[in-house]
Amino acid sequence: MTIKLVPSSNFDVNVYGSYELIDLENGETVDMDNDLQFRYGEDEVTVRESDEKSETSSEGFVLQEDGPSSDNYVVISSVLRAGTSFQKTNYRGSFVIEPEEKRNPSGADDTEEQDKDNEDEENTVNRLQLYNVLDMEDYLKGVVPREMSASWPAEALKAQAVAARNYAKVNMDTNDFLYDTTTHQIYHGRSGEDSRSNEAIRNTEGLYAVHNGSLIYAYFHASSGGYTDNSENVWNSQVPYIQAVKDPYDIHSANSHTSWTVDLSREDADNAIFPGSDWELTGLEVVEKSNAGRAQKMEAKGINANTGEEQVKTLPEGSSPDSLRWSLGTTLKSTMFDLEEESSSVKVKTADGSEESYDSALGMTIRHSDGSDEVVSYENLAVRTSSGVEYVGTTASSFIIDGKGHGHGLGMSQWGAYKMAQDGHTFREILKHYYTGIDIVER
């Protein structure tokens with residue numbers, strides 16, 4: 001496994017166990033002590049091995065384990081731990097320290113530039129490029145307790161270990177390296193380890209989930225909301241082993257994601273759906289759901305504030321249904337939700353003098369005293385009364401979203417695995433419940 005880390009521009013390394021330092025420019029071993037200082041250069045790497053001695057290389061260095069051992073590890077003074085901040089962090093394995101080169105996960109050569117639109121890559125600009133190279137099982141020790149609490153039942157941790165091993169292997173087979181973030185999997189090195197998750201990894205060492213003999217992409221998420229889904233209902237592409245399964249194990253008192261509510265302001269939704277335009281959101285509804293209950297399509301109705309023209313926009317636009325979690329002006333835990341307009345009562349006086357109540361007056365036509373007509377296209381309408389000008393609300397100010405679950409809803413629900421393990425199910429039973437038609441094999 002090769003994992004890209006994000007160190008501070010300059011960082012120190014304390015070495016424990018047996019290591020050697022190799023200059024990649026000439027392949028020669030460099031004399032070193034146990035305290036090293038690496039200093040940034042756009043086209044070179046400088047390492048100080050003592051107060052009086054330093055080496056500079058245009059290709060960088062490898063800090064290589066001199067024979068694998070559980071006693072070998074290094075302490076790096078400042079690394080951006082995924083999801084946290086720059087911290088002193090311990091890591092197992094070996095390390096490659098390169099100049100600021102143009103290398104990306106798919107193995108791009110140095111004629112290609114770093115992808116500045118990729119947040120992970122953006123974090124690596126103007127600093128040395130640092131890679132942690134280590135065995136799969138040691139890598140998992142820094143992953144599993146970051147993806148699932150190490151205090152959870154042992155069989156759930158074993159299921160997570162197998163899923164994480166699959167996920168890592170499939171990604172590593174198609175990439176030059178992995179990130180230590182949610183782009184791939186959260187990885188906090190030796191500093192993130194726990195004895196209980198380490199035991200689960202040892203007890204499943206070398207085990208993988210396969211479908212028709214091929215490794216599966218073992219997607220997992222926090223909570224299914226009571227039903228996982230088909231892959232094509234979330235990310236468009238069909239995957240035979242990622243199929244909807246009823247998941248009663250996910251619904252229990254320990255799971256805080258069983259139900260949730262979001263109060264989405266009309267203004268936030270309007271800015272997200274009709275950004276930077278004269279269109280005003282007049283209505284929003286879910287018009288299609290999967291059999292598992294996840295939103296597939298929504299319709300947003302709008303009115304042009306200048307012309308009174310109306311339009312209906314279908315969401316999501318050109319992306320997968322899962323993008324609805326981010327496209328409405330807030331971040332939703334999942335797409336398993338119902339939406340309704342906050343209850344309101346707009347009183348409208350009609351031409352015959354009678355009054356009627358409506359949920360919204362947006363899109364209606366109002367007649368002025370001079371006989372001219374105007375389409376109501378604003379959330380607040382200025383009305384002249386005998387006492388002056390008053391602003392009257394023309395529609396509800398927000399939408400109420402009631403949802404279930406957390407995450408994309410594909411593959412293994414972690415809270416479901418928790419309950420299955422509590423109920424006495426083995427890790428094999430957990431995995432076979434969430435991934436359709438799989439086998440667990442040793443590789």
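The values are calculated or read from the model by the stated rules, or taken from the named source; none is laboratory data. Remember, it's a predicted structure, so these values are computed and weren't measured experimentally. With ideal geometry, Cβ positions are generated from the backbone for all residues, glycine too; neighbour counts draw on all protein chains shown.
May I ask you to list the residues in the range 197-226 that are under 21 Å from the mean Cα position of the chain (by Cα) and under 24 Å from residue 439 (Cβ atoms)? The answer is 216, 217, 218, 219, 220, 221, 224. Of all residues in the range 272-291, those being under 16 Å from residue 303 (Cα atoms) and out of contact with any Leu (no Cβ under 9 Å at 6 or more places or on another chain) number 5. Within the range 197-225, the set of residues being hydroxyl-bearing (Ser, Thr, Tyr) and out of contact with any Pro (no Cβ under 6 Å at 6 or more places or on another chain) comprises 204, 208, 214, 217, 219, 223, 224.
Can you name every one of the strands (runs of 3 or more DSSP E) wholly within the range 227-338 that holds 1 or more residues which are among the acidic types (Asp, Glu) and touching a residue at least 60 places away in the same chain (Cβ under 8 Å)? Ranges flagged: 260-265, 279-289.
Regarding residue 86, is this residue surrounded by fewer than 16 Cβ atoms within 10 Å (Cβ to Cβ) and within 17 Å of residue 4 (Cα to Cα)? So residue 86 fits the description; yes. For the range 234-258, taking the residues that are loosely packed, with under 14 Cβ neighbours inside 10 Å and small (Gly, Ala, Ser), the one that is nearest to residue 402 (Cα to Cα) is identified as 256. Across the range 1-17, what is the number of residues that are in a strand (DSSP E or B) and among the small types (Gly, Ala, Ser)? Residues in the range 1-17 being in a strand (DSSP E or B) and among the small types (Gly, Ala, Ser): 0 in total. Contact map, the range 143-162: residues that are at positive phi paired with residues that are surrounded by 24 or more Cβ atoms within 10 Å (Cβ to Cβ) and of a type in the set (Lys, Arg), Cβ distance under 9 Å, separation 6+ or inter-chain. No pairs are found.
Would you confirm whether or not the range 38-59 contains a residue that is on the phi > 0 side of the Ramachandran plot and either in contact with a strand residue (DSSP E or B) (Cβ under 7 Å, 6 or more places away or on another chain) or surrounded by 16 or more Cβ atoms within 10 Å (Cβ to Cβ) (or both)?
Residues of the range 38-59 on the phi > 0 side of the Ramachandran plot: none.
Among the residues of the range 38-59, not one is on the phi > 0 side of the Ramachandran plot and either in contact with a strand residue (DSSP E or B) (Cβ under 7 Å, 6 or more places away or on another chain) or surrounded by 16 or more Cβ atoms within 10 Å (Cβ to Cβ) (or both), which makes the answer no.
Based on this model, can you work out whether residue 429 counts as under 19 Å from residue 212 (Cβ atoms) and acidic (Asp, Glu)? The answer is no for residue 429. Taken as a whole, the condition of being among the aromatic types (Phe, Trp, Tyr), more than 25 Å from residue 428 (Cα to Cα) and under 22 Å from the mean Cα position of the chain (by Cα) applies to residue 260.
So which residues in the range 217-226 are part of a loop (DSSP other than H, G, I, E, B) and either over 14 Å from residue 430 (Cα atoms) or among the hydroxyl-bearing types (Ser, Thr, Tyr) (or both), if there are any at all? If the condition is that a residue be part of a loop (DSSP other than H, G, I, E, B) and either over 14 Å from residue 430 (Cα atoms) or among the hydroxyl-bearing types (Ser, Thr, Tyr) (or both), then 217, 219, 222, 224, 225, 226 are the ones that fit. For the range 64-74, the criterion of being surrounded by 17 or more Cβ atoms within 10 Å (Cβ to Cβ), in contact with a Lys or Arg (Cβ under 8 Å, 6 or more places away or on another chain) and at pLDDT below 95 is satisfied by no residue at all.
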